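Input: a single structure, listed below in structure tokens.
The values are calculated or read from the model by the stated rules, or taken from the named source; none is laboratory data. Bear in mind that the values here come from a model prediction, so they are computed numbers and not experimental data. So basically every Cβ, Gly included, is an ideal-geometry build from the backbone, and we count neighbours across all protein chains shown. Please note that ligands, DNA and RNA were not included when accessible areas were found on the heavy atoms of the full protein model with its side chains. Shrake-Rupley method; radii C 1.70, N 1.55, O 1.52, S 1.80 Å.
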Amino acid sequence: TCSAAHACAMSALLPHGGAPAAFSGTSHAIDDATFARMRGCSWREVPACPARDALRYLRVTHHTFEHDSALGELVVAATIAQPTLTLFARLWQLGLPIAQMRLVDDFAGSDDASMAANNCSAFNFRTVAGTATLSLHALGLAIDINPVQNPWIVPSAGGRLVPPAGEA
């Protein structure tokens, strides 16, 4: 687990009065129900796909664009689970809103659909678009946060932004 106080003591960027103390972040082994959602979608039975026990299931509170809070979920590599909780605790302290945080499996494993929905996601066993190279998402080592506001700039496509809503 992680707390907002654990993330960082820097307060210069916090709103007047400091951040609410309601941040919560947990890291667990992937349970059977979650793994059933992932199997054949974001997780595949191929040698290059990380083993289930090399991944962690995170539950993280976050601010929303509606000035509320929500409990989101991510799967990341076990090696970055604690630093990821620390990161999200800091984002909570700063008041950064996150549109939504659901597993990419809720979008049938489609990064395009997840990004178009402005979803914050991490693990998805896939290649970099247009290549045979595994994405860092395939290893649970990359996180998309608010992809509409923070789109991927595709260098091989002349700087095209993904998702297209990021053009606005």
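So, of the residues in segment 31-42 that are out of contact with any helix residue (DSSP H, G or I) (no Cβ under 7 Å at 6 or more places or on another chain) and in contact (Cβ under 8 Å) with a residue 12 or more places away in the chain, which turns out to be nearest to SER121 (Cα to Cα)?
Looking at residues that are out of contact with any helix residue (DSSP H, G or I) (no Cβ under 7 Å at 6 or more places or on another chain) and in contact (Cβ under 8 Å) with a residue 12 or more places away in the chain, I get THR34.
Return the only residue of ILE30, ILE80 being open to solvent by less than 70 Å² (accessible area, probe 1.4 Å), modelled with pLDDT of 95 or more, touching a strand residue (DSSP E or B) at 6+ places or on another chain (Cβ under 6 Å) and closer than 15 Å to GLY140 by Cβ.
Criteria check complete, one pass: ILE30.
Looking only at segment 130-165, filter to residues that are closer than 30 Å to GLY95 by Cβ, surrounded by 16 or more Cβ atoms within 10 Å (Cβ to Cβ) and of a type in the set (Gly, Ala, Ser); which one of those is modelled with the highest pLDDT?
In this case the residue turns out to be GLY140.
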